[in-house]
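Below is one structure, written out as structure tokens, with a few remarks after it.
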Amino acid sequence: MTTLPLKKPLLRKDYLETDTMAFLAALLVAAFVVIIKFFTHLSVATTVLYITLVLMSANVFSIRMVVAVALSCLTVLTVIFIVERDYQSTEAIGAYVRCIVSLSAITFLALRSKRLADTLRRNEAYMVGAQRLSQVGSVGFRVDHSTMVWSEEAARIFEYPPHETPTMLKILARCHPDDRHLAEAVFEQASRHQPRLEVEHRLRMPDGRIKHIHLIANPLPLQHDGFEYVGAVMDVTASKEAEAALFQSQSQLAHVTRVTSLGELAASIAHEVNQPLAAIRSSGEACRRWLDRSEPDLGEVRMSLDRMIASSARASTVIQRIRTLSRNCDPERRTESFNDIVSDTIGLVQYELSRSHVKLRMELDAVPAYISADRVQLQQVILNLIINACQAMTEVDPRERLLKVRTWVHGGEAMLEIRDCGEGIAEDALASLFTPFFTTKADGLGMGLSICRSIVEFHEGRIWATSSQGDGAVFCIALPLMLHQTVAA
Ligand code: ADP
């Protein structure tokens, strides 16, 4: 990018000093021109000198001074014309008029281009300032000619000196080794004349610092010869770091609330673990009785031992599930069966439901739906919705407490509906349900649903609630199916 030299803004005092000096210099040159005129008698040569003088002053001085220089030249020309009595010759009058006209025309053109250059310079100063503030640089490149230009800010983002000529190799040299293929792919797309280029990747600076940039470029047709890509490169490091910090604190918060939910399910969990332990104990006692007989029944002993092994496996599955739910690690998405996640979670709350006298009606769609999900996070969402549903039904007659859990596939999404017959949600509360710290419970924290929403959004899904008061609440989740299934669905 051609960068016009930026001038330091001049103060009024500076202008006065410069203008005075300019005026003196112009007078000097004008005197010089007059002397040449007297000694050479070459009218064309003096006109050329006047024109050069006006053009030079347009390069250096303010518009006011250029006008002053031009007027001085015209005055000198006229004075010479009168002093030398040139008006007596028709030829000299013609030369004088030609001189005046060409000098005026050149002055007019010089002033116009000076005004344009000043505007351009000012706009460029604004642009450089704006680029600096917004940390957005501009780039332009032609893949066919392997040429590239960039603004000072773009050079700063890549940490090259401001006037360093950019090349694709210099840009690739700054790319993070793991992201180099992304930058190469952009140049490759450009060589295929793709209508829009967009990429986000990391840079690794020579001192090891990591930066994140976002580049967008569109083709700009050139007047005579093909087109070049013109675009913007943004330094998005700060927003990426903020995003990562937010993600980190959200997953820590999610962990804390998950552990809190597990605390609320403590009785249920104790029962889940206790059941297989009790079975192991009774099978062990039976085993001993079979062995204590005068003729030990080894067949029965073997069966008791098999029951003990199966029960201990069940206990360790329960413990494994709880350990997984209480672990604190970064979310990791894998291909998961949606129904498996739902039924696994229901397994954890079975006892809680029977303890709260809640009847469960499950309708899991027969078609297996596969989604890309972090199992633990989605279990947390379902757990939270079920605990809320149970709490909403505490005032309902125990014989009528009913929880319906339904899954199905619709329009490329795996759907889950959790419907209770509790107190329902007031119309005005519906809008605030997913807002952090919204709660209507005396001991509520109001974080559960807000965390559910961020988890579902992390999975590119949607969560919403409907309710007609007195008729219970319905919470729905829609999660995108894995790509190969979307086609089939
Ligand atoms: P908390 O349970 O700590 O209040 P949540 O974010 O899980 O936090 O829930 C926020 C609010 O949403 C609850 O206080 C309650 O008013 C409302 N709510 C959630 N689920 C239901 C439901 N199934 N029926 C009625 N109200 C509900």
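The values are calculated or read from the model by the stated rules, or taken from the named source; none is laboratory data. Predicted model, so just to flag it, every value in this text is computed and none were measured. Cβ placement follows ideal geometry from the backbone for every residue including glycine, while neighbour counts extend to all protein chains displayed. Keep in mind that these areas ignore ligands, DNA and RNA; they rest on the heavy atoms of the full protein, side chains included. Shrake-Rupley method; radii C 1.70, N 1.55, O 1.52, S 1.80 Å.
Being buried (at least 16 other Cβ atoms within 10 Å of the Cβ) and either in a helix (DSSP H, G or I) or away from the ligand (no atom under 13 Å from the Cβ) (or both) is a condition met by no residue of the range 393-400. Checking each residue in the range 281-314 for being surrounded by 13 or more Cβ atoms within 10 Å (Cβ to Cβ) and closer than 30 Å to Q380 by Cα picks out A310, S311, S312, R314. Name the pairs whose Cβ atoms lie under 6 Å apart, with the first residue in the range 348-375 and without any contact (Cβ under 8 Å) to a residue 40 or more places away in the chain, the second of a type in the set (S, T, N, Q), and 6 or more positions between them or separate chains? Taking only residues 6 or more apart or on different chains, the pairs are P368/S337. When E91 is tested against (1) assigned to a helix (DSSP H, G or I); (2) at pLDDT below 80; (3) loosely packed, with under 11 Cβ neighbours inside 10 Å, exactly one condition is not met: (2).
Pairs are defined by a Cβ separation below 8 Å, a sequence spacing of at least 6 or placement on different chains, a first member in the range 459-479 that is among the β-branched types (V, I, T) and at pLDDT 95 or above, and a second member that is part of a loop (DSSP other than H, G, I, E, B) and more than 11 Å from the ligand (Cβ to nearest atom); the pairs so defined are I477/G461.
Checked against the criteria, N388 does not count as outside any loop (DSSP other than H, G, I, E, B) and touching a Gly at 6+ places or on another chain (Cβ under 6 Å). Mind checking which residues of the range 61-88 are open to solvent by 80 Å² or more (accessible area, probe 1.4 Å) and touching a residue at least 40 places away in the same chain (Cβ under 8 Å)? Matches in the range 61-88: R64 only. Looking only at the range 441-474, which residues are exposed (fewer than 13 other Cβ atoms within 10 Å of the Cβ) and either near the ligand (Cβ under 7 Å from one of its atoms) or aromatic (F, W, Y) (or both)? Matches in the range 441-474: K441 only.
Do we find a residue being part of a helix (DSSP H, G or I), modelled with pLDDT of 85 or more and open to solvent by 30 Å² or more (accessible area, probe 1.4 Å) anywhere in the range 133-152? Yes, the range 133-152 contains at least one residue that is part of a helix (DSSP H, G or I), modelled with pLDDT of 85 or more and open to solvent by 30 Å² or more (accessible area, probe 1.4 Å).
Per-residue answers, yes or no, for (1) open to solvent by 10 Å² or more (accessible area, probe 1.4 Å); (2) away from the ligand (no atom under 15 Å from the Cβ):
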position: R323; (1), (2): yes, yes
position: D340; (1), (2): yes, yes
position: T345; (1), (2): no, yes
position: V349; (1), (2): no, no
position: S354; (1), (2): yes, yes
position: Q377; (1), (2): yes, yes
position: C390; (1), (2): yes, no
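For the range 425-438, the set of residues classified as more than 6 Å from the ligand (Cβ to nearest atom) and part of a loop (DSSP other than H, G, I, E, B) consists of A426, A431, S432, F434, T435, P436, F437, listed by residue number.
Selection of the range 350-376 for residues being within 16 Å of D340 (Cα to Cα) and part of a helix (DSSP H, G or I) yields Q350, R375, V376. When S311, S294 are screened for being outside any helix (DSSP H, G or I), away from the ligand (no atom under 16 Å from the Cβ), of a type outside the set (D, E, K, R) and more than 29 Å from C421 (Cβ to Cβ), only S294 passes. If T407 passes every condition in (1) open to solvent by 40 Å² or more (accessible area, probe 1.4 Å); (2) more than 32 Å from the chain's Cα centre (by Cα) but one, which one does it miss? Going through (1) open to solvent by 40 Å² or more (accessible area, probe 1.4 Å); (2) more than 32 Å from the chain's Cα centre (by Cα) one by one, T407 breaks only (1). The requirement of being within 12 Å of the ligand (Cβ to nearest atom) and of a type in the set (D, E) is not satisfied by E413.
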